[in-house]
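First the structure, in the form of structure tokens, and then the observations on it.
The values are calculated or read from the model by the stated rules, or taken from the named source; none is laboratory data. Owing to the predicted nature of the structure, the values given are computational and were not obtained by experimental measurement. For neighbour counting, all protein chains shown are included, and Cβ atoms are generated from backbone atoms with ideal geometry for every residue, glycine included. The accessibility values were calculated without ligands, DNA or RNA, using every heavy atom of the protein model including side chains. Shrake-Rupley method; radii C 1.70, N 1.55, O 1.52, S 1.80 Å.
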Amino acid sequence: MYKSGLILEGGAMRGMFTAGVLDVFIEKDITFDGTVGVSAGATFGCNIKSGQAGRTLRYNMRFAKDTRYGSLRSLITTGDYYNEDFCYRRVPDELDPFDQKAFEENPMAFYVVATRVDTGRPAYRRLTDCGRRDLQWIQASASMPVFANPVEIDGHAYLDGGISDSIPLRFMEHLGYNKNVVVLTRPDGYRKSTSRLQPLMDRLLDDYPAISKAMRRRPAVYNRTLDYIREKEAAGEIFVIRPPMALPVGRLEHDPKKMKAAWEIGVNTARDCLPELQNFLQP
């Protein structure tokens, strides 16, 4: 049975590349049976299901330097670098409304990944309407350790999905998706190495030993996933879209010009590979 899937890696503001790719998909009416987003892949990726091309670029550029959106001031006063009330209430409800009706009516399944704080293992959730409960899961998926409070949902605490499953290709395959497109936010040849700040992170995460352990093993897990992706790509079993170079944007970027530059790279990369992609997606 033919089932097309879309896998969206995170990477904080590197996700502007993904936003550019998705805007081309919306423009060209390229659809999928299911999508899974991790971290920024979830916060930005949900717009493909609501069909809101340009929304991610628009609100990020508009609020890039607004301390209510993302700032050290917010981190110090609330414990969240990206302010929970502003990002997950005011923006989608008032300032740049998210189309919940379109999201709910689109038949494409949309999943997000978060990491359980008590186990360090991934948790997968299918979103249905992008209402308050769904937004909690998106927030959890994008809640970076140290830079965000754990998100409490149904008696469990969650943090960033990238800690435990940065590129959930195997998850989609397990669900039966057999025509998968993977959007990465690192260029070809990238390998993740252990951060020099890991000892400091271990101390800062002393209350969350399972998260600390998951972060220590993350480079090895991530690199094995890249190896798996390369094998599948070489066999023609998946289609991979990745930036042609390191993106000119930082994880916590506040420069609108750099955000737009990363988005434009995504747009151009998607347009360049469009004929190959459309051929790959043929049933």
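Structure summary
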quantity: Selection from the range 17-31 of residues that are open to solvent by 10 Å² or more (accessible area, probe 1.4 Å) and either over 21 Å from residue 257 (Cβ atoms) or under 11 Å from the mean Cα position of the chain (by Cα) (or both); calculated: 26, 27, 28, 29, 30, 31
quantity: Exclusive hit being touching a Gly at 6+ places or on another chain (Cβ under 8 Å) and β-branched (Val, Ile, Thr), set 249, 267, 240; calculated: 267
quantity: Cβ pairs under 8 Å, 6+ apart, first in the range 257-283 and among the hydroxyl-bearing types (Ser, Thr, Tyr), second assigned to a helix (DSSP H, G or I) and surrounded by 19 or more Cβ atoms within 10 Å (Cβ to Cβ); calculated: 269/17; 269/20; 269/21
quantity: Candidate set: the range 1-10, residues that are outside any strand (DSSP E or B) and at pLDDT 95 or above; chosen: the one farthest from residue 81 (Cα to Cα); calculated: 3
quantity: Positions within the range 17-47 being among the β-branched types (Val, Ile, Thr) and under 27 Å from residue 159 (Cα atoms), in sequence order; calculated: 18, 21, 35, 36, 38, 43
quantity: Tally of residues being in a loop (DSSP other than H, G, I, E, B) and either within 19 Å of residue 38 (Cβ to Cβ) or open to solvent by 50 Å² or more (accessible area, probe 1.4 Å) (or both) across the range 185-232; calculated: 16
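Conditions (1) more than 24 Å from residue 246 (Cα to Cα); (2) open to solvent by less than 30 Å² (accessible area, probe 1.4 Å), marked per residue:
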| site | (1), (2) |
| --- | --- |
| 4 | yes, yes |
| 8 | no, yes |
| 13 | no, yes |
| 38 | no, yes |
| 44 | no, yes |
| 79 | yes, yes |
| 85 | yes, no |
| 92 | yes, yes |
| 105 | yes, no |
